[in-house]
Structures are given as structure tokens and as C-alpha cells.
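This report concerns only the one structure given below.
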Amino acid sequence: MLQSCNGSTSRRARRVLVFVFAWSLVMIAAVQFRHMENSAYRAGSSNNNNNPVNVVNRNSEENNVIGGGGGDLIIDDNNNYMGRETIVRTRLYDKTSSDSSSSSLALSRYLLQRSKDPETGFGNNIIGGSIIPTTTTTTTTTTTTIIGNKNNDENPITRNPLDLEPLLDKRPAKTEEELIEEIEERLPSLPLAYWSKSNNKFNGQLNKLSKKGNESCANFKFPSIYDLEFNNVYWQTLRTSNGTFQFFGAFYDKRKLSRIGPAIRIVGMIDRIEPTIKTYCQMWFDGEKSPVVVEYMEYKYIWYPKWGNYKQGIYQPYVIACKIPQSHWSKGPPASISMVEKPCDTATNNLRVIYNKPERKKDFAVCVKGLDFLHEDLSVRLVEWIELITLLGADKIFFYELQVHPNITKVLNYYQRHGKVHVTPLTLPGGQPNVPSFQHMYLTKKTNHKRQNELIPYNDCLYKHMYEYEYIALLDVDEVIMPVKDATWQDLMKRVLPKAFKIRNETRASYNVRNVYFLDDLLQSHGHFKDIPRYMHMLQHVYRSKNFTKPNQYIKCFHNPERVVTLHNHFPLACLGAGCTSYPIETEDAQLQHYRADCVKSLKKTCVEYRENSILDTTIWRYKDQLVERVTRTLQILGFFGPS
């Protein structure tokens with residue numbers, strides 16, 4: 001019996017020793033793993049020894065937004081944003097998993113996740129990629145461990161906080177002139193240059209007025225820049241006894257076909273239909289101490305009542321016209337303009353009058369409504385679209401931006417630096433939401449509100465550039481006006497104009513192109529083309545519906561800015577001269593290629609027919625080699641294929 005007890009005790013002792021030995025091996029493996037991880041991480045950080053990874057070169061094309069180089073954000077396989085250093089650490093975990101047993105890896109991960117700060121109880125995460133606080137609180141000192149940022153030492157460096165100097169932006173504060181330049185870029189409707197040039201001479205001061213224009217007042221007070229009422233950053237406000245006005249931009253219009261002579265046209269919104277309130281325009285000319293005051297001429301409505309939303313209290317799109325008195329025709333455009341309810345009121349708004357007239361016009365400009373792609377990364381497709389539109393002959397593309405994914409911002413910034421595009425930030429006026437996600441939901445649910453708001457950037461773009469370009473096209477980023485027989489828009493119009501003149505010997509207000517759908521799922525039944533990169537969406541999608549949408553439905557136009565007064569998404573609403581004449585470009589000459597997942601809602605029934613009757617249309621392939629080369633090069637520069 002005694003022998004039996006001794007044998008049992010011996011077996012238990014051996015089991016304990018085996019367990020202790022196994023546990024020791026596991027702990028050793030965990031420590032070695034942590035050491036390997038830190039060594040690899042120091043090697044990955046060695047190229048940035050003297051720079052904190054959270055300080056990014058904002059002028060770098062590769063490093064400033066998601067998808068670029070070190071220190072920026074990347075999207076992982078689960079569509080989560082994380083720092084590039086976090087990706088490096090994650091890949092180290094994945095590499096280790098192939099070399100260690102599953103139980104050892106699980107334990108080491110558990111141990112790493114469980115390591116906590118002794119004071120807070122929270123794990124010590126890597127923030128910024130290189131500094132891991134391992135604070136130990138005692139009665140005398142606190143130390144900080146810095147990993148992989150100095151001399152590539154194998155062991156962490158411990159330094160006293162008294163010896164550390166945080167890296168800060170120590171550039172000097174901007175001067176007033178630099179601030180003015182920055183604000184002018186951000187708020188092009190604000191006449192800061194006028195005030196600066198005048199040395200604030202008129203800023204809030206009373207000025208005597210002799211009778212000019214249609215009104216006279218004993219005193220005028222120039223609106224102080226600090227007393228203007230702004231709304232949602234980019235809008236200026238006039239509150240009247242019968243409605244509120246929100247102004248976005250003011251423009252000098254002296255086109256030859258205008259029967260009213262030189263005038264100022266203001267693009268904005270009024271929360272009234274058929275407004276009856278009488279307002280006045282105070283025109284501030286450079287070199288004159290008092291404004292010229294005239295009664296408004298008209299409120300031009302940019303909408304048809306039958307389209308809906310025809311209600312009081314909802315902000316409606318307008319172009320407001322103020323005639324310049326003949327006594328001031330020779331003076332050119334006023335420096336700025338204010339609108340008031342009574343002639344002698346001190347204005348709460350003051351808009352710079354924009355007049356961009358070069359010596360010679362260019363050919364084509366493209367205007368794109370407020371982009372609303374906060375959670376939709378269309379960046380790669382946008383690169384393909386910009387490059388194709390440029391190949392077709394667009395001299396410049398003017399984007400308006402509500403809210404976009406960071407990768408889209410990266411693309412737009414790149415092309416803006418290269419002069420191919422210009423981006424104007426945009427908000428919704430009045431009480432409409434501007435919190436990004438909420439704004440997106442609002443525009444999705446309130447379709448008529450969305451359509452009415454879109455007319456502001458379209459008409460702003462028209463008036464800003466009406467003297468600069470022969471034609472202006474309003475396109476979405478999934479639309480392309482594609483010449484069928486010609487390589488460029490210039491050649492297309494050389495073909496079209498003689499045909500139009502043969503029917504009627506006059507220039508048209510617009511030249512419209514019929515819509516045809518290149519639906520996403522038409523490709524799925526045929527498969528991808530192996531000789532074309534899959535990221536080239538339009539080059540891959542060459543199956544389209546056989547039938548076009550009906551004439552004058554969902555068309556897009558080349559607009560003649562010498563003739564158009566107000567623009568809708570698809571056609572002009574008001575024109576100078578002989579009305580809004582539009583020439584329909586024949587489908588054998590050009591087509592509007594519309595790349596969508598589905599037809600618009602109003603065409604749901606017809607869309608079945610479009611899907612069932614499709615044909616192959618490889619017109620776009622004439623640009624294949626150039627387009628693939630340009631898009632691929634741009635994506636490489638911007639880091640969309642990962643680090644080189």
C-alpha cells in the first residue's frame with residue numbers, strides 16, 4: 001500500500017514538472033515573438049528616424065491622403081481605416097502565424113492584448129506608429145519608452161521626459177495679407193481685395209451721397225465685413241419683411257444679346273415662390289464713396305412649378321437681375337453689390353462682382369454638380385472619367401463638392417494641382433442639414449430639394465465661365481458625351497454646326513445629345529475582357545442597351561454661354577435672343593454614354609426592355625491605349641496600388 005502511494009505521488013510530480021516545462025516554453029515563445037515584432041517594426045521605421053509619422057507632407061502627391069505613403073491612412077480588407085504602421089504590425093502577426101503553432105500564437109496574441117497600463121487598466125496601443133507610452137508611476141520619476149526611432153538600437157531607449165521636446169508646427173502666424181488671400185480662395189464671393197485696397201476707408205463709415213441711379217439718401221454706411229450675415233459658410237443673407245434671400249455669387253453680364261444692357265446677375269435662393277417683395281441693389285464702384293442704388297429688375301425662377309416643391313417657405317433657386325444705370329456703363333463692373341429691402345438700409349450682405357474675361361476663349365468647360373459620395377469610394381472610376389473627358393477635349397472640369405470620400409479628395413487635389421480641374425466647396429443654404437451623413441440622407445429622401453439645390457452650382461458655373469469658353473457641358477461623373485465618328489468634341493462640333501445651320505441659319509442656345517445606358521450587369525453575362533485592366537470600368541463596360549431613351553428625355557447638352565440665362569441639369573430654361581433653341585445631335589454623330597447600375601426610377605419598366613436588348617459598342621476603345629496608360633500612371637503616383 002505504501003509503495004502504491006509513493007508511485008502515485010511520483011506520477012503527479014512528473015505531471016506538474018511537464019506542465020511547468022510546457023508553460024515555460026509557451027512563455028519563451030511569446031517573449032521571442034514580441035522581440036521579433038519590435039525588431040521588424042524598428043526596421044520598417046528606420047527610414048523615418050528623424051520625423052514623427054503623424055507629421056505629413058501636405059504637398060506630397062503620394063503621402064497626403066488614404067492610399068499614399070508612410071504615415072497616412074489605408075483601407076484594410078474589412079474596409080476599416082488604419083495607419084500604415086498598423087498594417088505593418090498586422091502583417092507581422094500574419095507572418096508569425098505561419099511559423100508558430102496555433103496554440104502558441106493564440107496565447108501570445110492574448111498576452112499582447114491583455115498587457116495594460118498599470119494606472120488606467122487600458123492596453124498600451126501604438127498611436128502615431130512609433131511611440132508606445134509605458135508609464136510607470138513612482139514617487140520620483142516617470143519614463144517613456146521609444147521604439148525604433150533612434151540609432152536602430154536593439155533595445156528600447158528610455159529617456160527622462162525632462163529631456164524630450166515635442167515636435168510642433170512653429171511657423172510664424174500669417175499676416176493679414178496672407179489671411180485675406182486665403183479667405184479669398186475659400187470665399188470667392190467676398191470682396192476682401194476691394195476693402196483691403198481701400199484701406200478700410202469705407203468699412204462701416206458714413207458717406208454722403210448725391211443722387212445717383214434711382215435713389216438718394218442723406219448718408220450711406222458701407223457694410224462692414226464683420227457685420228455681414230453669413231449662412232452655412234458660403235452664403236450671404238438678406239432678411240426682408242416677406243421672405244429670406246440666400247446669395248451664392250454675383251456676376252457682371254454684358255453679353256451682346258442682352259436687351260437690358262450691362263447688368264449684375266445674382267445666383268441664390270429665396271424661400272418664396274413668385275416673390276413680391278421689392279428690393280434694391282446697392283452697387284459699390286471702385287473709386288466712388290457712395291453706391292449706385294437701383295431697384296431690382298427681375299427674379300428669374302430656375303424651376304417649373306409642375307416639377308413639384310412649389311410651396312412657400314421652401315428655398316427656391318433664382319437668378320436675380322439688377323440693371324446698371326447707363327451713367328455707369330463705361331465704368332465696367334462694380335467692385336461689389338449688396339441687396340437691401342429699403343434703398344438706404346445698411347446691408348447685411350456684400351458680394352464681389354465676378355467678371356472673368358480672358359483675351360481669347362477656350363473651347364470646352366465641364367461643370368459637375370455638388371459631389372455627394374461620403375462613403376462611396378469612386379476614386380479610381382473618377383480618375384478614368386477625368387482622363388477620358390480630357391482626351392475628348394475638355395479644357396477644364398469644374399467640380400462642386402458637398403462631401404466626398406478621402407480618396408476622392410486625394411484624386412481631386414492631384415488634378416487641381418495640375419490645372420485640369422477646379423474644386424469649389426459647397427453647402428446647402430438656410431436650415432437644410434450640412435452634417436455629412438445627415439445631409440446625404442436628406443438629399444436621398446428629398447429628391448426635389450436635391451434637384452433644386454443642384455441648380456445653384458450649375459448656374460454659378462455658367463456665369464463664372466461664360467466669357468471663358470465657347471461651350472459649357474453639365475455632366476455627372478457617370479456620363480460621357482461620346483463622338484461616334486470623331487475623336488474629339490472639337491471635331492464633333494465641326495461636323496454638327498453645318499447641319500444645324502442648314503436647318504436654321506442661327507447659333508443655338510444648346511446642342512443636345514441623346515442618352516443610352518451602359519448598365520453594370522450587362523457585362524456580367526459576357527465576362528471581363530482579359531486584355532483590359534479590371535479597374536478600367538468604362539473600358540470594360542462596352543455592352544449597352546440597343547435603344548436610346550426618348551428624344552429630349554435625359555439629354556445632356558453643349559450650352560452656348562452667349563445665349564443662356566438659366567440652366568437646368570438637362571437643358572436651358574431661359575435664354576437671350578430668339579429663345580432657348582436646341583439642336584438635337586443625331587445619334588450617328590454622338591451619344592450620351594450613361595454608366596449606371598440601374599435606370600432612373602421613372603424608367604423602371606422600360607429598363608427591362610433595355611436589359612433584354614443589348615448590343616456591343618466598343619466606340620470607347622479608340623482611346624484604350626492612352627486611357628489605360630494615363631489612368632495607371634496616375635493611380636501609381638497616388639499610391640492606389642500600394643507602396644512601390
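The values are calculated or read from the model by the stated rules, or taken from the named source; none is laboratory data. Keep in mind it's a predicted model, so treat the numbers as computed, not measured. FYI the Cβ positions are ideal-geometry reconstructions off the backbone, even for glycines, and counts take in every protein chain you see. Remember, those area values only see protein heavy atoms, side chains included, never the ligands or the DNA or RNA. Shrake-Rupley method; radii C 1.70, N 1.55, O 1.52, S 1.80 Å.
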| message | At 0.36 nm per residue, and after removing the present C-alpha to C-alpha distance, how many nm does the segment from residue 346 to residue 532 gain when stretched out fully? | response | 60.7 nm
| Two-decimal log10 I(q)/I(0) for region 339-452, as the Debye equation yields it once each C-alpha is a single scatterer, q = 0.11, 0.21 Å⁻¹ | -0.51, -1.18
| task | Return the carbon/sulfur percentage of the accessible area of region 248-379, one whole number, probe 1.4 Å, all protein chains in place. | result | 47 percent
| field | Accessible area per residue, Å², region 273-409 with all protein chains present, probe 1.4 Å | value | 39 Å²
| Charges only on Cβ, +1 for Lys and Arg, -1 for Asp and Glu: so what's the dipole of region 311-433 about the Cα centre, in debye to the nearest 20? | 520 debye
| Between 263, 340, 315, whose Cα lies farthest towards the positive end of the dipole of region 248-342 when Lys and Arg beta carbons carry +1 and Asp and Glu beta carbons carry -1, centred on the Cα centre? | 263
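When the Cα atoms of region 542-627 are enclosed in a convex hull and the volume is divided per residue, what value in Å³ results? Kindly include the intermediate steps, with their values, before the conclusion.
On the way: hull volume 11.6 nm³, N = 86.
Cα-based convex hull of region 542-627, divided per residue, equals 135 Å³.
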| So, in nm, how far is label residue 242 from label residue 170 when the simple model puts each one 7 Å beyond its Cα toward the Cβ? | 6.4 nm
| Under unit Cβ charges (Lys, Arg +1; Asp, Glu -1), what dipole magnitude, rounded to 20 debye, does region 228-305 have relative to its Cα centre? | 280 debye
| What nm value, rounded to one decimal, do you get for the distance between residue 434 and residue 300 when each label is placed 7 Å out toward the C-beta? | 2.7 nm
| task | State the percentage of accessible surface on region 522-644 attributable to carbon and sulfur atoms; use a 1.4 Å probe and exclude ligands, DNA and RNA. | result | 50 percent
| task | Considering Cα pairs under 8 angstrom that are at least six residues apart, work out the relative contact order of region 282-415 and quote it in whole percent. | result | 20 percent
| remark: If the chain between residue 521 and residue 326 were fully extended at 0.36 nm per residue, the gain over the current Cα-Cα distance would be 64.2 nm
| Partners for residue 601 among lysines (Cα-Cα distance below 27 Å; same-chain residues under 8 apart left out) | 306, 311, 369, 445, 446, 450, 546, 550, 556
| Roughly speaking, what is the centre-to-centre gap between region 570-644 and region 273-334 when only Cα atoms are used, to the nearest Å? | 36 Å
| Of 522, 501, 536, farthest towards positive along the dipole that unit charges on Lys, Arg, Asp, Glu beta carbons give region 496-631 | 501
| query | Taking the Cα-to-Cβ direction at residue 27 and at residue 376 and moving 7 Å from each Cα, how far apart do the two end points lie in nm? | reply | 5.7 nm
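Give me the extension gain from residue 490 to residue 227: residue separation times 0.36 nm, minus the current Cα-Cα distance, reported in nm with one decimal. Kindly include the intermediate steps, with their values, before the conclusion.
Numbers: separation 263, 0.36 × 263 = 94.68 nm, distance 4.80 nm.
Here the answer is 89.9 nm.
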| task | Please calculate how many Å² of accessible area region 566-644 carries per residue, with a 1.4 Å probe and no DNA, RNA or ligand atoms counted. | result | 48 Å²
| Label point at residue 356 placed 7 Å out along Cα→Cβ; residues across region 377-406 whose backbone nitrogen lies under 13 Å | 395-400
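Accessible area of region 432-499 with a 1.4 Å probe: how many percent of it is carbon plus sulfur?
Values: 1460 of 2460 Å².
Here carbon and sulfur together make up 59 percent of the probe-accessible area.
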